[in-house]
Amino acid sequence: MLKDIPAGYYTNSQHNKRYGLNAVQILLNNPDKKFEPSELWKEVLKLEEDKNKRLNSQMDIVLGLWENGLIESYTVLLKKSIL
């Protein structure tokens, strides 16, 4: 999913991993939209049962990777069978 980073287990936090993956999915579905971290977080929360979770810089990290072109496109991910 990240350019030049092999798939693997990099966190014990299943929640943060899910938030990040959902954020990437939202970005891939809206490639021309410019999100602020809080706006992206609100979109991620729509996919969560617990709507009271608080933003904790996860979206800043995802957006930083996205804005620097470090998240691979749908086409690349499909070829790798990640999506």
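The values are calculated or read from the model by the stated rules, or taken from the named source; none is laboratory data. Quick caveat, the model's predicted, so the values are computed rather than measured. When we count neighbours, we look across all protein chains shown, and the Cβ atoms used for this are built from the backbone with ideal geometry, even at glycine.
Observations on the structure shown:
- Matching residues, segment 3-15, being surrounded by 11 or more Cβ atoms within 10 Å (Cβ to Cβ) and either of a type in the set (A, V, I, L, M) or under 9 Å from the mean Cα position of the chain (by Cα) (or both): ILE5
- Applying a threshold of 8 Å to beta carbon distances and a minimum spacing of six or more residues, or different chains, the list of pairs starting in segment 9-32 at a residue that is over 11 Å from VAL44 (Cα atoms) and ending at one that is part of a helix (DSSP H, G or I) and among the basic types (Lys, Arg) reads THR11/LYS17.
- Failed item in (1) among the aliphatic types (A, V, I, L, M); (2) part of a helix (DSSP H, G or I); (3) at pLDDT below 90, with VAL44 passing the rest: (3)
- Hey, ASN52 more than 10 Å from the chain's Cα centre (by Cα) and not small (Gly, Ala, Ser) or not: yes
- Qualifying residue in segment 16-29 (condition: loosely packed, with under 10 Cβ neighbours inside 10 Å and either in a loop (DSSP other than H, G, I, E, B) or of a type in the set (S, T, N, Q) (or both)): no
- For the criterion of being surrounded by 15 or more Cβ atoms within 10 Å (Cβ to Cβ), at pLDDT 95 or above and either assigned to a helix (DSSP H, G or I) or of a type outside the set (Val, Ile, Thr) (or both), GLU39 fails.
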